[in-house]
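To start, the structure under review is shown below, and the notes come after it.
The values are calculated or read from the model by the stated rules, or taken from the named source; none is laboratory data. Quantities reported herein were computed from a predicted structural model and do not represent experimental measurements. Positions of Cβ are generated from backbone atoms using ideal geometry, with glycine treated the same way; all protein chains shown enter the neighbour counts.
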């Protein structure tokens, strides 16, 4: 009788075993996605997403993705300002979109020093602004020359190319999740214009932003979420430790 049901990490196995995920899209921790698909073939596993909503059933990936899901539930009930306020009280970034990949650019780069991580986090929070190597170096608290060498050594990539990937990732979420014009998205994530963003998308994803939007529209039309309803009551199932 609950209005909705949510799971965290491998809690999705419990929902699937109860039959609540049959013919639904769902996610779980990437390490267990293949096993879940084999065990529950009637579930459409989307192993790349941090959380998935299909009707009144929500599933999330690893344990920290459960925080993103919880903030999304708050936003669904009370609006984005309340969700932001809760995130601020929890001292976490405001929630990532459910469409964001479990395998984000920051995880793929995997820097081991705090300096490079700080610079990347700074870049992610200021994507709409110019991000020359000197500015990222200042965030890392070292000279531009030292930073460029250290960044390449730790990530195997240049700062400029990493920023391009971060901007493309942010743009992709907006393209998949909303209806903003491509030109507006390009400006908001720091590309400046749609042609520059298009070239970056072709390099990174092998498709243009418009092609990816069309693909998302075709694949998501049948499972778009219902309109918000102002009710209360959520049951949550999860497993500790992950």
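Any residue that is modelled with pLDDT of 90 or more, crowded, with 17+ Cβ neighbours inside 10 Å, over 17 Å from the mean Cα position of the chain (by Cα) and in a strand (DSSP E or B) - is there at least one of those in segment 56-64?
Scanning segment 56-64 turns up at least one residue that is modelled with pLDDT of 90 or more, crowded, with 17+ Cβ neighbours inside 10 Å, over 17 Å from the mean Cα position of the chain (by Cα) and in a strand (DSSP E or B).
For residue 207, are the conditions met, namely being surrounded by fewer than 16 Cβ atoms within 10 Å (Cβ to Cβ) and part of a helix (DSSP H, G or I)? Before you say what the answer is, go through the steps one by one.
Numbers: surrounded by fewer than 16 Cβ atoms within 10 Å (Cβ to Cβ): yes; part of a helix (DSSP H, G or I): no.
No; evaluated as a whole, the condition is false for this residue.
Kindly evaluate residue 127 against the criterion of being part of a loop (DSSP other than H, G, I, E, B) and under 30 Å from residue 52 (Cα atoms).
It is true that residue 127 is part of a loop (DSSP other than H, G, I, E, B) and under 30 Å from residue 52 (Cα atoms).
If a residue must be out of contact with any helix residue (DSSP H, G or I) (no Cβ under 6 Å at 6 or more places or on another chain) and assigned to a loop (DSSP other than H, G, I, E, B), how many such residues does segment 1-36 contain?
Qualifying residue count for the region: 11.
Just to be sure, is residue 167 closer than 15 Å to residue 203 by Cα and touching a residue at least 12 places away in the same chain (Cβ under 8 Å)?
So residue 167 passes the test.
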